[in-house]
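Read the structure below first, then the notes.
What follows is calculated from the coordinates using simple rules that are stated; it is not laboratory data. Because the structure is predicted, anything quoted here is derived from the model rather than measured. Neighbour counts run over all protein chains shown; Cβ positions are idealised from the backbone, glycine included.
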């Protein structure tokens, strides 16, 4: 069920879900709210180069001999397959592979 909230493209970046190219956030108001603000970045983000929607699932502080890197946070993310709020399928493994393959072909 689509919401009446105007669709957004994930924190200003492009990207669309598996349901026919609709922008991420068009599935429900909760996802539109999350992607429409920087308040939840980097927890939810659309990768600019690929258009794949990711969610941070963990983080760790980096310990390094380089003082500029020591103490920085490293984020572990996972592609979001289904909206965590309404259950709409947002991406498929095949669709993600296709987006990533298109980027590799450009390199």
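One equal scatterer on each Cα of region 29-106, no solvent, Debye formula: the resulting log10 I(q)/I(0) at q = 0.15, 0.18 Å⁻¹ is -0.66, -0.86. Of the peptides 78-89, 62-73, 25-36, the ranking by mean beta-carbon count within 10 Å, highest at the top, reads 25-36, 78-89, 62-73.
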